[in-house]
Amino acid sequence: PTESTELVRLGANALLLVAASGLSGLFRRSRLATCERESRLERAASAVRELLDESSDGIALTDSDLRLTYVNARAEQMFGFQPGGAIGKTVQSLVTPESLASTPLKLQALYAGQTVRSERSAFRANGTVIDVDLSARLLSGGRLLISLRDMSESRREAERQRAQRDLLSGIMATSVAGIIMVDPRGTILFANQRAEALLDLVKRGDHTSTYDRPHWRLVGIDGTRLAPSELPFRRVIATDAPVFDERIAMQWPDGRRTALTVNGGPLHDATGQLQAVVLAFNDITGALAAEHALRERDRQLEQITEAMPGIVY
């Protein structure tokens, strides 16, 4: 081209082509960045959903109308819903009317930014009722994040443990053997009724299980002095092993002596550390007296037999 107008038009067209090419490249790069960002968000959301589904607690999200928009697998299992079956239901429709009447939803506390926790009775999909521990917190847009924990199993476990404790307490209370628990320092931490009566133990205050130091001292069965290492309690601590049918005696300040047979063993905590020593003992004073009387009678019979050899028994 020779005319200036043609040169201008060609230059403008070239500039437009260059600009279009640049804009197309920018668009493609922007589109790729957007796709990559959306892919990262989807992977992150998938990871969050997987994490929530693996939670041992039920997790639920609601919209501003308190309708469920998300429920994790644990919550669906807890309430017996099929996957997606709880979506769209309101929180009020799942909570029993009695529970709502006794403990209304604390919406004002939620709107103030507080985490509200309460125990509720709720309907399962089949109409049965379960007890749940519910914790709720307000999110942006009036949505709620709700954490749920089934209280039925924990209450059954608590009842089972309570029954076991009651049974153990009954066994302890009716046992004919005295049973005590002593810490490694020698302080009596527990004693059943038989032990309290036999050892004349007095509790140290109304709200403690420790006892005042008793008035008796432990001696050998014949009244001889015992070294501390010879006591059954100390032997259990030294060897970390039980002792069986040990015979010792309690020497009282008034001169009385009570003979005992003792069995004991170590009590460890979850880490294997020695926590206490449990000792069970029986009063054998009467049995030893009867045994001594029987031996004395046999000795007298032997003396009579030796003095009268002609008598045939």
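The values are calculated or read from the model by the stated rules, or taken from the named source; none is laboratory data. Because the structure is predicted, anything quoted here is derived from the model rather than measured. All Cβ positions, even for glycine, are placed from backbone atoms using ideal geometry, and neighbour counts span all protein chains on display. Just so you know, the surface numbers come from the protein's heavy atoms only, side chains and all, with ligands and any DNA or RNA stripped out. Shrake-Rupley method; radii C 1.70, N 1.55, O 1.52, S 1.80 Å.
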- residue 53: modelled with pLDDT of 85 or more, open to solvent by 50 Å² or more (accessible area, probe 1.4 Å) and at negative phi, yes or no? no
- Message: Name the single residue that is modelled with the lowest pLDDT among those in the range 179-199 being open to solvent by 20 Å² or more (accessible area, probe 1.4 Å) and among the polar types (S, T, N, Q).
- Response: 187
- Does residue 225 fit the bill of being basic (Lys, Arg), surrounded by 16 or more Cβ atoms within 10 Å (Cβ to Cβ) and free of Cβ contacts under 8 Å to residues at least 24 places away in the same chain? no
- When the range 238-271 is checked residue by residue, the ones that are under 25 Å from residue 222 (Cα atoms), under 32 Å from the mean Cα position of the chain (by Cα) and surrounded by 12 or more Cβ atoms within 10 Å (Cβ to Cβ) are 242, 243, 263, 264, 265
- Filter result for the condition that a residue is open to solvent by less than 90 Å² (accessible area, probe 1.4 Å) and more than 27 Å from residue 78 (Cβ to Cβ), over 176, 202: 202
- Within the range 232-255, can you find the residues that are closer than 24 Å to residue 176 by Cα and either polar (S, T, N, Q) or modelled with pLDDT under 90 (or both)? 251
- Message: Can you tell me how many residues within the range 272-301 are free of Cβ contacts under 8 Å to residues at least 60 places away in the same chain, outside any helix (DSSP H, G or I) and surrounded by fewer than 16 Cβ atoms within 10 Å (Cβ to Cβ)?
- Response: 2
- Task: Specify the residue that is nearest to residue 125 (Cα to Cα); the eligible residues are those in the range 91-101 that are over 29 Å from the mean Cα position of the chain (by Cα) and of a type in the set (Gly, Ala, Ser).
- Result: 93
- Query: Looking only at residues in the range 89-128 that are under 21 Å from residue 155 (Cβ atoms) and in a strand (DSSP E or B), which one is most open to solvent (accessible area, probe 1.4 Å)?
  - Reply: 117
- Would you check if residue 233 is open to solvent by 70 Å² or more (accessible area, probe 1.4 Å), of a type in the set (Phe, Trp, Tyr) and within 39 Å of the chain's Cα centre (by Cα)? no
- Residues being loosely packed, with under 15 Cβ neighbours inside 10 Å, in contact with a strand residue (DSSP E or B) (Cβ under 7 Å, 6 or more places away or on another chain) and part of a loop (DSSP other than H, G, I, E, B): count how many of those fall in the range 209-222. 2
- Item | Cross-chain or 6+ apart pairs with Cβ under 6 Å, the range 89-114 first and in contact (Cβ under 8 Å) with a residue 12 or more places away in the chain, then surrounded by fewer than 17 Cβ atoms within 10 Å (Cβ to Cβ) and among the polar types (S, T, N, Q) | 103/118
- Note on the structure: For the range 156-187 the number of residues that are in contact with a strand residue (DSSP E or B) (Cβ under 7 Å, 6 or more places away or on another chain) and either within 20 Å of residue 135 (Cβ to Cβ) or without any contact (Cβ under 8 Å) to a residue 24 or more places away in the chain (or both) is 1
